[in-house]
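This report concerns only the one structure given below.
All of the numbers you see were taken from the coordinates with simple rules; none came from a lab. As the structure is a computational prediction, the values presented were derived from the model and not from experiment. Ideal geometry is used to build each Cβ from the backbone, glycine not excepted, and the neighbour counts take in all protein chains shown.
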Amino acid sequence: MTLTLVSHSPCSAALFGALAATVAQAEGAVLMHLPADFQPEHGADSVQMVAARGALVPSGLLWYERLTGREVLPASTVEQIVDAARAFAVVVPWHGKFQVQSLHETLIEQASAAGVSIRHLLGRHQDGEWYLEDQHGLPTEHGRWCRDAFGRWVNTALVSRPSAARSPLVIALLGTQADQLDVYPATLAALGDAADAANIDLHIRFVSPVQLDLTLLDSVDGIVLPGGSDMGNVSGQIAAARYALAANVPTVGLCLGMQSMTTAIAQTLPGLEQANMAEAAPDTPIQSFILMTGTPGLPTHRLGTQALNFRPSSLGDRLPHHPTIRCNHRFMLNPDITRTLINAGLKITATDASGHIADAIDWPQHAFYQGMQGHPELGSSAGKPHPLIEDFLRAVQASASRKTKGFSTADTLHQINH
């Protein structure tokens, strides 16, 4: 069979494997990948996309899942790729900036020795669009690709313009534009999927959680607290969640964001004012989220696709196609404070199979204040948004339509501090 090596420049973590995914889609090939080495300067979440089989892979491989509907495999060895290419068509992304050159050379040598047909495709970037050339410098028939308003990797022939009839809404995404667009693109893409489904003209206001300026949350219609591995974002996320609680701004939390929004609730309760996550503040006297290590029957690291146990079970009717969620976490809601939170009104709407891990929470006295411990954004695709994110945007839309004018950040800060 064939082995197709695809490279392009420039390439960010969020585009690693993107053009290779288009080739795999068009040719019915399988995408496999060699290990990639992303340094801290490339972004803390460069290799934080959770593959279903329980591996962390470069975030740009998201596009392979979204385009083909097939699972991303963990990184493969040269031998595994060559063996696969003997049986069927294989596409491999290659970016020398992030990968060891000797692996590339070894792959070509072993594939050639095995009689595998090899071709090289080179991605070109021109006027915001990408296209592929073969080894002779001739354009291929794979079309031209770009990123839409939500960073989604799309064929330029399929890019649509927002309808003027759409209702405009502004939501704050707690993260820098560079991180959300060039490092971990799944959250933005999922918001775009939900906005399309709800016919909303959605505007994203990127708000850095580091030394958060709460005035940047003034006049937004909703707040998204995304996941991530950078603990420097936690204090800003918690502050934004406290703001949302006081101002009744619809808010959704994804993984780390769910931990932040739950911690924010805890901090409003008598006796839990100093609560914080053990991962972000190891010396905190009251830990809102603790390591799973030490709890009988629980893993040290929960990674990959996990089953959800809905409470009540009828909640599963809203997520019939999402009975599982991708997880990547070592911490869980502290059982020592769970009862206090529940007595205050928190609802744990889903757990793991054991019932020990809170996988989804809801603060029902709020316009919308819900989160999931896993990564629902990875369960979203064009035309099939994840229900949690779609419900969030519809709640934002409903809240915006009845919002009274004249609410100010000063009012909110007063409520937060008193």
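Running Debye on region 122-202 with equal point scatterers at the Cα sites and no solvent, what base-10 log of I(q)/I(0) appears at q = 0.20 Å⁻¹? Reported log10 I(q)/I(0), two decimals: -0.97. Which parts of region 322-355 would a label at T284 reach, counting a residue when its backbone N lies under 19 Å from a point 7 Å out along Cα-to-Cβ? It comes to 328-348, nothing else.
Qualifying chymotrypsin sites (Phe, Trp or Tyr not before Pro) in region 1-88, where qualification requires a DSSP coil assignment and no more than 15 other C-beta atoms within 10 Å, comprise F88.
Listed values for region 182-195 are Karplus-derived 3J(HN,Hα) couplings in whole Hz (6.51 cos²θ - 1.76 cosθ + 1.60, θ = phi - 60°), namely 9, 10, 10, x, 5, 5, 4, 4, 5, 5, x, 4, 5, 5, and x replaces Gly and Pro. When H120, H8 are sorted by how many other C-beta atoms sit within 10 angstrom of their C-beta, beginning with the fewest, the order is H120, H8. Which whole-angstrom value gives the distance between the alpha carbon centres of region 8-37 and region 308-380? Taking the Cα centre of region 308-380 as reference, the centre of region 8-37 is 33 Å away. Exposure proxy ranking for V234, V30, based on other Cβ atoms within 10 angstrom of each Cβ and starting from the fewest, stands as V30, V234. For region 25-41, 3J(HN,Hα) computed residue by residue from phi via the Karplus equation (6.51, -1.76, 1.60; θ = phi - 60°) reads 5, 5, 9, x, 8, 9, 8, 10, 8, 8, x, 10, 10, 9, 8, x, 5 Hz, glycine and proline entered as x. For Cα extents along the principal axes in Å, the value computed from the atomic coordinates appears in the list (i) 71, 55, 40; (ii) 86, 41, 40; (iii) 74, 56, 33 under label (i).
In the chain, Cα pairs under 8 Å separated by at least six residues give a relative contact order of 15 percent. For the chain, the share of DSSP beta bridges that are antiparallel, to the nearest 5, is 50%. Taken over the Cα atoms of region 171-227, the convex hull encloses 75 Å³ per residue. Taking a Cβ cut-off of under 12 Å around P10, the surrounding Lys, Arg, Asp and Glu residues balance to a net charge of +1, with basic ones at +1 and acidic ones at -1.
Exposure proxy check: M372, M1, M32 ranked by fewest other beta carbons within 10 Å? Going from least to most buried by this count: M1, M32, M372.
For the pair region 213-236 / region 90-145, the C-alpha centres are spaced 39 Å from each other. Loop-resident trypsin sites (Lys or Arg not before Pro) (DSSP state other than H, G, I, E or B) in region 69-143 with no more than 15 further Cβ atoms inside 10 Å of their Cβ: R70, K97. Once the gyration tensor of the Cα atoms in region 2-157 is diagonalised, the equivalent ellipsoid follows with semi-axes of 22, 19, 15 Å, ordered largest first.
If I model region 167-415 as equal point scatterers sitting on the Cα atoms and use the Debye formula, what is log10 I(q)/I(0) at q = 0.08, 0.13 Å⁻¹? Debye output, listed in q order: -0.27, -0.76. Pick out, in residue order, every one of the GluC sites (Glu not before Pro) in region 106-165 that is DSSP loop and has at most 11 other C-beta atoms within 10 Å; say none if there are none. Listed in order of number, the matching sites are E141.
Scaled against 2.2 N^0.38 Å for its residue count N, the alpha carbon radius of gyration of region 235-284 is 1.07.
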